[in-house]
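Engineer: Please find one structure pasted underneath; my questions will follow.
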Amino acid sequence: MGILLKSYLVPHPPIIVPEIGRGEEIEARKTVEAMEKVADSIGRDRPDAIVLITPHGPVFSDAIAIGVQRRFRGTFGRFGRPDISLDFEGNQDMTFRVMEEAAREGIAAVSIDNATSRHYRVDTELDHGGLVPLYFITKKYSGFKLVHITYGMLPNTELYKFGNCIKKAIDKGGERVSILCSGDLSHRLKRGAPAGYSEKGREFDEKLILHIKEMDIKSIVEMDESLVKEAGECGYRSLLILLGILDGYDVDANVISYEGPFGVGYCVAEFMPVRKSADREHINLLESSIRSKLQKKRENEDVYVRLARKALETYIKEKRTISVPEGLPAEMTRKKAGVFVSIKKNGKLRGCIGTISAYTGSIAEEVIHNAISAGTRDPRFYPVGEDELDELVYSVDVLAEPEPVDTIDQLDAKRYGVIVKAGRRSGLLLPDLEGVDTPEDQVRIALQKAGINVTEPYAMERFEVIRHR
């Protein structure tokens with residue numbers, strides 16, 4: 001049986017490498033000293049394998065990328081030092097055990113070798129998410145084989161479950177294994193930071209560090225999605241995988257250092273698995289909590305959303321379109337309007353179809369037809385399957401009549417949606433969408449949807465919506 005040694009959360013700013021920083025690394029002295037402590041610790045443990053989880057390898061929206069090559073190589077050429085290179089033997093036995101466990105759990109994983117890298121047009125060289133921490137480690141110890149993993153943009157519980165798969169793969173082998181979870185915290189800690197400034201950056205870092213110190217797994221996995229997004233981080237998903245590896249252990253967690261001298265949060269933390277304990281198995285509790293939240297949201301849906309859900313579920317299960325039910329409010333049966341139905345799964349869009357103006361005899365009919373189209377006819381997604389229905393979250397936007405606007409100053413990304421038109425081409429964007437913060441963002445995306453070049457003449461309209469969740 002394999003042995004899980006210490007695990008580490010480590011940042012990866014190239015500037016802390018002395019040959020690259022050329023004196024500027026002194027601004028991140030705490031981080032440099034903490035990385036040296038991590039290297040000393042790994043040198044004492046002398047692991048047979050290091051599992052590296054990075055955010056900067058080939059990132060897929062729907063799968064985790066696992067390097068299967070025999071050797072992993074990389075240089076700091078992108079940072080002006082092509083002469084500094086690292087080269088590691090891959091631990092293929094453990095890599096394939098991880099992939100087998102992921103397959104058993106139904107978690108999508110892509111094997112990255114020369115053929116798949118050409119197919120997906122991704123690089124197989126070590127990225128700086130791996131190079132920086134490994135640079136420090138190899139100063140003290142290099143007698144290990146590498147397992148290279150890049151997280152995917154999967155739901156939090158899927159990433160946690162994938163960590164469980166790594167734990168099982170370790171248990172089934174004979175290696176002594178250390179884990180390197182690479183990732184920076186918020187990139188938005190101060191004005192002039194690489195990703196801009198947000199007051200949420202500091203809030204995210206403080207909350208996450210507190211949860212790490214307390215090993216509050218539930219609070220980490222269920223952190224507010226908008227806070228995570230606003231923080232502009234790159235380490236959260238790496239950490240979710242790490243916590244899945246530690247699932248079932250009593251863990252002593254220690255934050256060695258934290259600082260943000262360049263506007264990016266650098267946290268170095270270590271996690272010592274003390275003993276296995278059934279009381280520390282969180283995966284079933286986390287999945288139960290998510291189901292409970294979905295059920296509560298479903299119970300609080302208003303009549304518009306309930307109608308959208310019923311329309312799609314009936315269509316998927318019984319292959320028929322429902323009639324307008326009796327007992328609906330008069331506004332739904334007597335009024336006409338354009339309607340958009342949006343469907344999300346695990347916080348990500350799963351389908352969205354709508355009409356700018358009414359195409360049917362009532363708002364209720366519009367909801368029914370657009371809900372079915374959103375789930376089965378959105379060209380960006382595969383049709384919804386019956387096994388997904390319980391995981392879906394719906395919203396319904398009822399559109400007011402559009403009105404023309406002359407300048408972008410008359411738009412408001414939170415209050416108004418926008419329609420752009422040029423000839424027969426038109427594009428629409430709803431208001432108050434995540435990640436669309438300015439009218440300029442709105443218009444740019446709407447033009448892209450319409451296939452209208454920004455240099456062409458085009459007309460704009462704005463509209464308000466009543467959003468039902």
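Engineer: Please pick out the residue among Ser226, Ser198 that is without any contact (Cβ under 8 Å) to a residue 60 or more places away in the chain, in the same structural domain as Asp40 (by TED's automatic domain parsing) and closer than 25 Å to Leu433 by Cα.
Structural biologist: Exactly one of Ser226, Ser198 is without any contact (Cβ under 8 Å) to a residue 60 or more places away in the chain, in the same structural domain as Asp40 (by TED's automatic domain parsing) and closer than 25 Å to Leu433 by Cα, namely Ser198.
Engineer: Could you identify the single residue in Ala65, Ala108, Ala102 that is within 16 Å of Ile245 (Cβ to Cβ), in the same structural domain as Gly163 (by TED's automatic domain parsing) and under 27 Å from the mean Cα position of the chain (by Cα)?
Structural biologist: Values: Ala65 fails: within 16 Å of Ile245 (Cβ to Cβ); Ala108 fails: within 16 Å of Ile245 (Cβ to Cβ).
None of the others qualify; the one that does is Ala102.
Engineer: If I ask for residues that are more than 19 Å from Asp387 (Cα to Cα) and in contact with a strand residue (DSSP E or B) (Cβ under 7 Å, 6 or more places away or on another chain), which ones from segment 308-351 would you list?
Structural biologist: Passing the criteria: Ala337, Gly338, Val339, Phe340, Val341.
Engineer: Okay, moving on. If I ask for residues that are in a helix (DSSP H, G or I), small (Gly, Ala, Ser) and surrounded by fewer than 19 Cβ atoms within 10 Å (Cβ to Cβ), which ones from segment 88-129 would you list? Don't jump to the end; show me each part of the working.
Structural biologist: At the first step, the residues of segment 88-129 found to be in a helix (DSSP H, G or I) are 92-105, 114-120, 128-129.
When the remaining residues are screened for being small (Gly, Ala, Ser), the result is 102-103, 115, 117, 129.
Ala103, Ala115, Ser117 - these are the residues of segment 88-129 that are in a helix (DSSP H, G or I), small (Gly, Ala, Ser) and surrounded by fewer than 19 Cβ atoms within 10 Å (Cβ to Cβ).
Engineer: For Ala63, all conditions in the list (1) surrounded by fewer than 21 Cβ atoms within 10 Å (Cβ to Cβ); (2) modelled with pLDDT of 95 or more; (3) in contact with a strand residue (DSSP E or B) (Cβ under 7 Å, 6 or more places away or on another chain) hold save one; what is the number of the exception?
Structural biologist: (2)
Engineer: So Gly423 clears everything in (1) surrounded by fewer than 19 Cβ atoms within 10 Å (Cβ to Cβ); (2) touching a strand residue (DSSP E or B) at 6+ places or on another chain (Cβ under 8 Å) except one condition, right? Which one?
Structural biologist: (2)
Engineer: While we're on this one: Inspect all residues belonging to segment 32-51 and state whether any of them is part of a strand (DSSP E or B) and in contact with a Cys (Cβ under 7 Å, 6 or more places away or on another chain). Give the steps one after another, and end with the answer.
Structural biologist: Filtering segment 32-51 down to residues part of a strand (DSSP E or B) leaves 49-51.
Now drop any that are not in contact with a Cys (Cβ under 7 Å, 6 or more places away or on another chain), which leaves none.
Looking through segment 32-51, none of the residues is part of a strand (DSSP E or B) and in contact with a Cys (Cβ under 7 Å, 6 or more places away or on another chain).
Engineer: Let me ask something additional. Take Lys167 and tell me if it is in contact (Cβ under 8 Å) with a residue 12 or more places away in the chain, in the same structural domain as Ser238 (by TED's automatic domain parsing) and closer than 27 Å to Tyr249 by Cβ.
Structural biologist: Values: in contact (Cβ under 8 Å) with a residue 12 or more places away in the chain: yes; in the same structural domain as Ser238 (by TED's automatic domain parsing): yes; closer than 27 Å to Tyr249 by Cβ: yes.
Here the answer is yes, as Lys167 does meet what is asked.
Engineer: Have a look at Ala358, Ala371 and point out the one that is assigned to a helix (DSSP H, G or I), surrounded by 14 or more Cβ atoms within 10 Å (Cβ to Cβ) and either free of Cβ contacts under 8 Å to residues at least 12 places away in the same chain or among the aliphatic types (A, V, I, L, M) (or both). Break it down into steps so the answer makes sense when it comes.
Structural biologist: Working: Ala358 fails: assigned to a helix (DSSP H, G or I).
Exactly one residue qualifies, and that residue is Ala371.
Engineer: Give all pairs with beta carbons closer than 7 Å in which a residue from segment 332-349 that is free of Cβ contacts under 8 Å to residues at least 60 places away in the same chain and of a type in the set (Ser, Thr, Tyr) meets a residue that is surrounded by fewer than 14 Cβ atoms within 10 Å (Cβ to Cβ) and not in a strand (DSSP E or B); count only pairs at least 6 apart in sequence or on separate chains.
Structural biologist: Once the first residue is free of Cβ contacts under 8 Å to residues at least 60 places away in the same chain and of a type in the set (Ser, Thr, Tyr) and sits in segment 332-349, no partner that is surrounded by fewer than 14 Cβ atoms within 10 Å (Cβ to Cβ) and not in a strand (DSSP E or B) comes close enough.
Engineer: Can you find even one residue in segment 146-157 that is within 24 Å of Glu230 (Cα to Cα), of a type in the set (A, V, I, L, M) and not in a helix (DSSP H, G or I)? Write out each step before concluding.
Structural biologist: First, pick out the residues of segment 146-157 that are within 24 Å of Glu230 (Cα to Cα): 150-157.
Next, from what is left, pick out any that are of a type in the set (A, V, I, L, M): 153-154.
Still in the running and not in a helix (DSSP H, G or I): 153-154.
Within segment 146-157 (the criterion being within 24 Å of Glu230 (Cα to Cα), of a type in the set (A, V, I, L, M) and not in a helix (DSSP H, G or I)), the answer is yes, since at least one residue qualifies.
Engineer: Let me ask something else about it. For residues in segment 125-159 being of a type in the set (Ser, Thr, Tyr) and in contact with a Gly (Cβ under 7 Å, 6 or more places away or on another chain), which is nearest to Val177 (Cα to Cα)?
Structural biologist: Taking segment 125-159 first, the residues of a type in the set (Ser, Thr, Tyr) are 135, 138, 141-142, 150-151, 157.
Keeping just the survivors that are in contact with a Gly (Cβ under 7 Å, 6 or more places away or on another chain) gives 141, 150.
Details: Tyr141: 14, Thr150: 18 Å.
Within segment 125-159, the match that is nearest to Val177 (Cα to Cα) is Tyr141.
Engineer: Also, quick follow-up: With closer than 23 Å to Pro14 by Cβ, in the same structural domain as Tyr135 (by TED's automatic domain parsing) and loosely packed, with under 14 Cβ neighbours inside 10 Å as the only criterion, which of Arg81, Arg73 stands out? Talk me through it step by step, then tell me what you get.
Structural biologist: Numbers: Arg81 fails: loosely packed, with under 14 Cβ neighbours inside 10 Å.
So the residue among Arg81, Arg73 that is closer than 23 Å to Pro14 by Cβ, in the same structural domain as Tyr135 (by TED's automatic domain parsing) and loosely packed, with under 14 Cβ neighbours inside 10 Å is Arg73.
Engineer: Sticking with this one: Might you check whether a residue that is within 32 Å of the chain's Cα centre (by Cα), surrounded by 14 or more Cβ atoms within 10 Å (Cβ to Cβ) and closer than 27 Å to Val454 by Cβ occurs anywhere in segment 394-401?
Structural biologist: Here is the first cut: in segment 394-401, the residues within 32 Å of the chain's Cα centre (by Cα) are 394-399.
Still in the running and surrounded by 14 or more Cβ atoms within 10 Å (Cβ to Cβ): 394-399.
Keeping just the survivors that are closer than 27 Å to Val454 by Cβ gives 397, 399.
The answer is yes; a qualifying residue exists.
Residue by residue, here is whether (1) in the same structural domain as Cys181 (by TED's automatic domain parsing); (2) touching a residue at least 12 places away in the same chain (Cβ under 8 Å); (3) under 30 Å from Lys167 (Cα atoms) holds:
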position: Val10; (1), (2), (3): yes, yes, yes
position: Ile15; (1), (2), (3): yes, yes, no
position: Ile20; (1), (2), (3): yes, yes, no
position: Ile26; (1), (2), (3): yes, no, no
position: Arg29; (1), (2), (3): yes, no, no
position: Glu33; (1), (2), (3): yes, yes, yes
position: Lys37; (1), (2), (3): yes, yes, yes
position: Asp40; (1), (2), (3): yes, yes, yes
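Engineer: May I pose another question? Looking only at segment 18-32, filter to residues that are touching a strand residue (DSSP E or B) at 6+ places or on another chain (Cβ under 7 Å) and surrounded by fewer than 22 Cβ atoms within 10 Å (Cβ to Cβ); which one of those is nearest to Cys267 (Cα to Cα)?
Structural biologist: Step one: of segment 18-32, the residues touching a strand residue (DSSP E or B) at 6+ places or on another chain (Cβ under 7 Å) are 19-20, 28, 30-31.
Checking the rest, the ones that are also surrounded by fewer than 22 Cβ atoms within 10 Å (Cβ to Cβ) come to 19-20, 30.
Working: Glu19: 22, Ile20: 20, Lys30: 10 Å.
Top of the filtered list is Lys30.
Engineer: Could you check how many residues of segment 119-166 are modelled with pLDDT under 95 and basic (Lys, Arg)?
Structural biologist: Matching residues across segment 119-166 total 2.
Engineer: Let me ask something additional. Filter segment 75-86 down to residues that are within 29 Å of the chain's Cα centre (by Cα), within 15 Å of Pro133 (Cα to Cα) and not aromatic (Phe, Trp, Tyr), then give me how many there are.
Structural biologist: 2
Engineer: So Asp247 ticks every box in (1) under 21 Å from the mean Cα position of the chain (by Cα); (2) of a type in the set (Asp, Glu); (3) modelled with pLDDT of 95 or more but one. Which box is left unticked?
Structural biologist: Unmet condition: (3).
Engineer: Shifting gears a bit: With the checklist (1) buried (at least 17 other Cβ atoms within 10 Å of the Cβ); (2) over 20 Å from the mean Cα position of the chain (by Cα) in hand, flag the one item Phe204 doesn't pass.
Structural biologist: (2)
Engineer: Let me ask another. Take segment 374-387 and flag every residue that is in a helix (DSSP H, G or I) and in contact (Cβ under 8 Å) with a residue 40 or more places away in the chain. Step through it out loud before you land on a result.
Structural biologist: Pass one, segment 374-387, residues in a helix (DSSP H, G or I): 374-376, 386-387.
Matches in segment 374-387: Ala374, Gly375, Thr376, Glu386.
Engineer: Output the residue which, of all residues in segment 264-288 that are part of a loop (DSSP other than H, G, I, E, B) and at pLDDT below 95, is farthest from Asp390 (Cα to Cα). So that I can check it myself, show each step before the final result.
Structural biologist: Step one: filter segment 264-288 for residues part of a loop (DSSP other than H, G, I, E, B), giving 264-265, 277, 281-282.
From what is left, the residues that are at pLDDT below 95 are 277, 281-282.
On the way: Ser277: 32, Glu281: 25, His282: 22 Å.
Out of the qualifying residues, it is Ser277.
The values are calculated or read from the model by the stated rules, or taken from the named source; none is laboratory data. Here the structure is a predicted model, which means the values were calculated and not measured. Ideal geometry is used to build each Cβ from the backbone, glycine not excepted, and the neighbour counts take in all protein chains shown.
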